[in-house]
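The structure appears right after this line, and notes come after that.
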Amino acid sequence: MIEKFAGKKALIIGGTGGIGRELAVGLAKQGALTVLHGGSSQQGLESALAAIQEAGGRAEGFLYPADGDGAAEAILNLAAVLFGKHGGTPESAPSRAGYAEKNYRSDMLPDILVCAWGPFFRKPIGEMNGGDWHYLIKNNLIFPGILISLVINGMIDKKWGRILLFGGTNTDTIRGFSTTAAYSAAKTGLGVLAKSVARTAGPHGVTCNVICPGLTDTEYTDEGTKAYNRRLSPGGKALDPADSARMAFAVLENERINGAVIPVDAGVVL
Ligand SMILES: NC(=O)c1ccc[n+]([C@@H]2O[C@H](COP(=O)([O-])OP(=O)(O)OC[C@H]3O[C@@H](n4cnc5c(N)ncnc54)[C@H](OP(=O)(O)O)[C@@H]3O)[C@@H](O)[C@H]2O)c1
């Protein structure tokens, strides 16, 4: 395996399961020091770390449910400690990242940030309450936005950075949805985040892109949803996490792909 990401530090939010895990294992295999973040499953975390170790990669990880206030800051703080364990020198330059008041060294900040976790549920718009709206928009749009604000200056300073976000199925353009209005509005909004980063930080070697997976079966997918995914997916075959991960590696490698919103969905139309 060619170590395309050797020397890079990758933080994968939601990297202990589903599409994020596939990506985390692949990045570690390709040489990145990878910090995995997961929600609550110790078993998921341990299994992902073991897979990376088996493949000869280097990884650390921790669990932190991200749906509370201050989660982005807390997660980056925890990740900084784990990155800091693996090298860098005391004289490494201090960072002017958003959390620079902690005086983190630049080697404690991610070079690659992937925000894979993205909670989802279905409800017709007329049945959504305030809590539903807050939950879906906060975790699918505001949370990735805060993470970006916290890491972007450090990436600009290093003149290299990669941010990868995950949209929803068919959220690559503005469309209407019968039972996922808030989720899909938030996911469609990620394209604006990515293009804004590309516009301001692209000239400094930083990219930000969005992958919009099709209906993908993971270990979290229940039997009813698997049947739904089969029924709607072209050819009757749902996607695999590896489908999105392959596109992710291509995007992360290529500085010329920036501000893109890329469907990896076999052409499904919901
Ligand atoms: N699967 C699909 O069909 C599909 C289709 C289109 C778009 N997407 C998007 O693709 C991305 C990846 O989706 P996915 O299906 O792989 O699963 P996901 O449920 O979005 O991500 C799973 C990861 O998130 C973690 N997680 C779960 N609850 C959490 C919480 N409260 N706080 C922090 N982390 C939490 C999990 O850890 P634990 O196991 O410890 O909980 C695991 O590491 C998402 O953004 C999703 O919206 C998925």
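Could you count how many residues in region 236-246 are closer than 26 Å to residue 206 by Cβ and either of a type in the set (Phe, Trp, Tyr) or surrounded by 20 or more Cβ atoms within 10 Å (Cβ to Cβ) (or both)?
Result for region 236-246: 3.
In region 112-149, which residue that is assigned to a helix (DSSP H, G or I) and touching a Lys or Arg at 6+ places or on another chain (Cβ under 9 Å) is farthest from residue 31 (Cα to Cα)?
Let us first name the residues in region 112-149 that are assigned to a helix (DSSP H, G or I), namely 125-127, 130-149.
Next, from what is left, pick out any that are touching a Lys or Arg at 6+ places or on another chain (Cβ under 9 Å): 132, 140-141.
Values: 132: 40, 140: 29, 141: 30 Å.
Filtering region 112-149 for residues that are assigned to a helix (DSSP H, G or I) and touching a Lys or Arg at 6+ places or on another chain (Cβ under 9 Å), the one farthest from residue 31 (Cα to Cα) comes out as 132.
Go through region 49-82 residue by residue and tally those that are over 15 Å from the mean Cα position of the chain (by Cα), away from the ligand (no atom under 12 Å from the Cβ) and small (Gly, Ala, Ser).
Count: 8.
Limited to region 7-26, what total is found for residues that are in a loop (DSSP other than H, G, I, E, B) and on the phi > 0 side of the Ramachandran plot?
Taking region 7-26 and keeping what is in a loop (DSSP other than H, G, I, E, B), we get 7-8, 14-17.
If we keep only those that are on the phi > 0 side of the Ramachandran plot too, we end up with 7, 14.
Of the residues in that region, 2 qualify.
Would you check if there is a residue in region 200-222 being closer than 18 Å to residue 255 by Cα and hydroxyl-bearing (Ser, Thr, Tyr)?
Yes.
Kindly establish whether residue 121 is under 27 Å from residue 18 (Cα atoms) and surrounded by 23 or more Cβ atoms within 10 Å (Cβ to Cβ). Step through it out loud before you land on a result.
Details: under 27 Å from residue 18 (Cα atoms): yes; surrounded by 23 or more Cβ atoms within 10 Å (Cβ to Cβ): no.
Here the answer is no, as residue 121 does not meet what is asked.
Within the set of pairs 6 or more residues apart or between chains, which connect a residue that is closer than 10 Å to residue 245 by Cβ inside region 8-24 to a residue that is more than 9 Å from the ligand (Cβ to nearest atom) with Cβ atoms less than 7 Å apart?
Pairs found: 19/245; 20/114; 22/242; 22/245; 23/114; 23/245; 23/248; 24/34.
Pick from region 252-270 the residues that are surrounded by fewer than 19 Cβ atoms within 10 Å (Cβ to Cβ) and over 28 Å from residue 228 (Cα atoms): which of them is nearest to the ligand (Cβ to nearest atom)?
Here the residue is 260.
How many of the residues making up region 1-48 are within 12 Å of the ligand (Cβ to nearest atom) and either more than 19 Å from residue 252 (Cβ to Cβ) or among the polar types (S, T, N, Q) (or both)?
The number of residues fulfilling the criteria is 12.
Select, from 219, 127, the only residue that is acidic (Asp, Glu), more than 14 Å from the chain's Cα centre (by Cα) and more than 16 Å from the ligand (Cβ to nearest atom).
On the way: 219 fails: more than 16 Å from the ligand (Cβ to nearest atom).
That would be 127, the only listed residue that is acidic (Asp, Glu), more than 14 Å from the chain's Cα centre (by Cα) and more than 16 Å from the ligand (Cβ to nearest atom).
Restricted to region 171-187, and to residues that are part of a helix (DSSP H, G or I) and crowded, with 23+ Cβ neighbours inside 10 Å, which residue is nearest to the chain's Cα centre (by Cα)? So that I can check it myself, show each step before the final result.
From region 171-187, those part of a helix (DSSP H, G or I) are 181-187; that's our starting set.
Now drop any that are not crowded, with 23+ Cβ neighbours inside 10 Å, which leaves 183-184, 186-187.
Details: 183: 16, 184: 16, 186: 14, 187: 12 Å.
If we take residues in region 171-187 being part of a helix (DSSP H, G or I) and crowded, with 23+ Cβ neighbours inside 10 Å, then 187 is nearest to the chain's Cα centre (by Cα).
Please work out if residue 205 is modelled with pLDDT of 95 or more and loosely packed, with under 14 Cβ neighbours inside 10 Å.
Details: modelled with pLDDT of 95 or more: yes; loosely packed, with under 14 Cβ neighbours inside 10 Å: no.
Judged against the criteria, residue 205 is not a match.
If you go through region 27-51 one residue at a time, how many are in a helix (DSSP H, G or I) and crowded, with 24+ Cβ neighbours inside 10 Å? Quick ask: steps written out before the conclusion?
Looking only at region 27-51, we keep the residues that are in a helix (DSSP H, G or I), and these are 27-29, 42-51.
Filter again for crowded, with 24+ Cβ neighbours inside 10 Å, leaving 27-28, 48.
The number of residues fulfilling the criteria is 3.
Scanning region 55-114 for residues that are surrounded by fewer than 17 Cβ atoms within 10 Å (Cβ to Cβ) and of a type in the set (Lys, Arg), which turns out modelled with the lowest pLDDT?
Ranking the qualifying residues of region 55-114, first place goes to 96.
The values are calculated or read from the model by the stated rules, or taken from the named source; none is laboratory data. As the structure is a computational prediction, the values presented were derived from the model and not from experiment. Positions of Cβ are generated from backbone atoms using ideal geometry, with glycine treated the same way; all protein chains shown enter the neighbour counts.
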